[in-house]
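A.B. asks: There's a structure below that I have some questions on.
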Amino acid sequence: MKPIIRTSRLHALAWIGILLSANALVADIRVATYNVRNYLLTNRPVKGEGAEKPVWREDYPKPENEKKALRRIIAKEEPDILAIQEMGGEPFLRELQRDLKNVEGADYPYTAWMEGADPDRHVVVMSKVPFSGVERHAGLEYKYFEGRETIRRGLLEVQFKTGNTNWSLFTVHLKSKFTIRDDDPESRIMREGEARAIRDFIKKKYPVDGGYPYLLVGDFNDTPNSKPVTRILKSGSTRLSQYLLCQDNKGRIWTHFWNKGGTYAQIDYIFASPAMLGLLPEKELTKGMIEDSEDTLVASDHRMVSVVLPFEP
């Protein structure tokens, strides 16, 4: 009987070794997108400590209470890769990077900052994971009425290599609903033009049949059934990407609260290419998460949206 007992123990140890090895081969990467609401100098109402009403300030930085709430959210959720919209110049990015590390203990040593046509608001990526490459696509144009326009915040592409998998993260911030043209209500035509230019660029660089995995994330300033989102998802009958359903812990899907209008909407997204979906255990059923805490509406008018990507090295 002793040899049998010894063999069983060896089998058990072997199975434990196999399981440990299998777990070691899986590298979960959490990717998030977050519009941090004017982390820059701008005209804004500011409510001082102890004051009853806010006071209008010009060229004023993001208030400290908003910055603290923002840092707490990032440190709590702690995504491995964080795409940000509405960041100011590079000094503001360095400030957030420094304060996250020194105050919250959340270190993001790798950063990429995009300079587009908009001189004030930028898209950036902060990461705990090293980049394999960074490409800033700043000159993407589209037809707008009788002329041509450039995508104002550009298209930031950060490339990674996780195990044997090469993949890209695209970050965007489409035109807001503010408009100066009566013939383009809520800038719908401009936003659709930006979305189309981004779609056409990505499908040319990474054709669907090429099998390259990527995520396209950011603030699209429009709802799921809108033309800009439709343009991102497909070209003609060709499916280019899929929007990942994201929910908070109560099952709610809103990502933006418009205080003046008193409305909640879903305008921040994570889109996955067919090749990226093929890498995910749940494939088309993969779901993401929306952050929800008491700091949420202090930090920003948007909520952080994230998804976990399990890669096999």
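The values are calculated or read from the model by the stated rules, or taken from the named source; none is laboratory data. Note that the coordinates shown come from a computational prediction; the quantities given were computed from them, not determined experimentally. Reconstructed Cβ throughout: ideal geometry from the backbone, glycine too, with neighbour counts over all protein chains shown. To get the accessible areas, we keep the full protein, side chains included, count just its heavy atoms, and leave off ligands, DNA and RNA. Shrake-Rupley method; radii C 1.70, N 1.55, O 1.52, S 1.80 Å.
A.B. asks: Restricting things to alpha carbons, tell me how big the chain is in terms of Rg and Dmax, in Å.
C.D. replies: Final numbers for Rg and Dmax: 21.8, 89 Å.
A.B. asks: Keeping all protein chains in the complex and leaving out DNA, RNA and ligands, what accessible area do you get for TRP258 with a 1.4 Å probe, in Å² to the nearest 10?
C.D. replies: Estimated to the nearest 10 Å², TRP258 gives 130 Å².
A.B. asks: Now for a separate question. Relative to the Cα centre, what is the charge dipole magnitude of region 164-260, using +1 at the beta carbon of each Lys and Arg, -1 at the beta carbon of each Asp and Glu, and rounding to the nearest 20 debye?
C.D. replies: That gives a dipole near 140 debye.
A.B. asks: In addition: Run lengths n ≥ 4 of DSSP H only: what is the helix-derived mean residue ellipticity at 222 nm for the chain, with -39500 (n - 2.57) per run over all residues, to the nearest 500?
C.D. replies: Theoretical 222 nm ellipticity from helices: -8000 deg cm²/dmol.
A.B. asks: Moving on. Using a Förster radius of 35 Å, what is the FRET efficiency between GLU186 and ARG94 based on their Cβ-Cβ separation? Nearest 0.05, please.
C.D. replies: Computed FRET efficiency for GLU186 and ARG94: 0.50.
A.B. asks: Here's another thing I want to ask about it. Quick check: net charge around TYR214, other residues with Cβ under 10 Å of its Cβ, Lys/Arg +1 and Asp/Glu -1?
C.D. replies: 0
A.B. asks: What list of ³J(HN,Hα) values in whole Hz, one per residue of region 53-61 in order, does the Karplus curve 6.51 cos²θ - 1.76 cosθ + 1.60 (θ = phi - 60°) give from phi, with Gly and Pro shown as x?
C.D. replies: 10, x, 10, 6, 10, 9, 6, 10, x
A.B. asks: Contact order normalised by length for region 138-219, with contacts defined as Cα pairs under 8 Å and 6 or more residues apart; what percent is it?
C.D. replies: 31
A.B. asks: Could you state how much accessible area LEU41 has, in square angstrom rounded to the nearest 10, with a 1.4 Å probe and all protein chains kept in place?
C.D. replies: Taking all protein chains as shown, LEU41 has close to 90 Å².
A.B. asks: From the Cα trace of region 243-292, what convex hull volume per residue do you get, rounded to a whole Å³?
C.D. replies: Per-residue hull volume (Cα only) is 75 Å³.
A.B. asks: Now for a different question. Using θ = phi - 60° and the Karplus curve 6.51 cos²θ - 1.76 cosθ + 1.60, what whole-Hz ³J(HN,Hα) does each residue of region 267-277 get, with Gly and Pro shown as x?
C.D. replies: Karplus-based 3J(HN,Hα) across region 267-277 equals 9, 10, 9, 10, 9, 10, 5, x, 5, 5, 4 Hz.
A.B. asks: With a 1.4 Å probe and all protein chains in place, put ILE253, ILE290 in order of accessible area, largest first.
C.D. replies: Largest accessible area first, the list is ILE253, ILE290.
A.B. asks: Tally Lys/Arg at +1 and Asp/Glu at -1 over every other residue whose Cβ is under 12 Å from the Cβ of GLU192; what's the total?
C.D. replies: It works out to a net charge of +3.
A.B. asks: Could you work out which residue, out of THR111, THR179, THR171, moves most in a Gaussian network model of the chain, that is, has the largest mean-square fluctuation with Cα springs under 10 Å?
C.D. replies: The residue with the greatest mean-square fluctuation here is THR179.
A.B. asks: Taking 8 Å as the Cα distance limit and 6 or more residues as the minimum spacing, I'd like the relative contact order of the chain as a percentage.
C.D. replies: 20
A.B. asks: Would you work out the charge dipole size for the chain about its Cα centre, treating the Cβ of every Lys and Arg as +1 and the Cβ of every Asp and Glu as -1, and quote it to the nearest 20 debye?
C.D. replies: 880
A.B. asks: When only C-alpha pairs under 8 Å and at least 6 residues apart count, what is the relative contact order of region 134-290, in percent?
C.D. replies: Answer for region 134-290 is 19 percent.
A.B. asks: While we're here: Skipping prolines and chain starts, which residues have an amide H placed within reach, meaning under 5 Å, of the one on TYR60, given they are 5 or more residues away or on another chain?
C.D. replies: For TYR60, whose amide H was placed from the backbone, the distant partners under 5 Å are THR42, ASN43, ARG44.
A.B. asks: Given ASN249, SER237, LEU216, which one lies farthest toward the positive end of the charge dipole of region 192-254, if we put +1 on the Cβ of every Lys and Arg and -1 on the Cβ of every Asp and Glu?
C.D. replies: The Cα lying farthest towards the positive end belongs to SER237.
A.B. asks: Moving on. HIS122: accessible area at probe 1.4 Å, nearest 10 Å²?
C.D. replies: Accessible area, nearest 10 Å²: 10 Å².
A.B. asks: How much length is gained on full extension from GLU115 to VAL134, taking 0.36 nm per residue of separation minus their Cα-Cα distance?
C.D. replies: 5.6 nm is the gain from fully extending GLU115 to VAL134.
A.B. asks: While we're on this one: About the Cα centre, and with charges only on the beta carbon of Lys, Arg (+1) and Asp, Glu (-1), how big is the dipole of region 87-154? Nearest 20 debye, please.
C.D. replies: Once rounded to the nearest 20, the dipole reads 120 debye.
A.B. asks: Here's something else I'd like to know. Quick check: Cα centre of region 257-313 to Cα centre of region 131-169, how many Å?
C.D. replies: Cα centres, region 257-313 to region 131-169: 20 Å.
A.B. asks: Straight-line reach from LYS161: which lysines have a Cα under 17 Å away, not including same-chain ones fewer than 8 places off?
C.D. replies: Correct list for LYS161: LYS128.
A.B. asks: What's the lysine pair count for region 178-313 at a Cα cut-off below 28 Å, pairs eight or more apart or interchain?
C.D. replies: 20
A.B. asks: Another question, if that's okay. What does the accessible area per residue of region 217-293 come to in Å², with a 1.4 Å probe and no ligands, DNA or RNA counted?
C.D. replies: Counting only protein heavy atoms, the per-residue value for region 217-293 is 48 Å².
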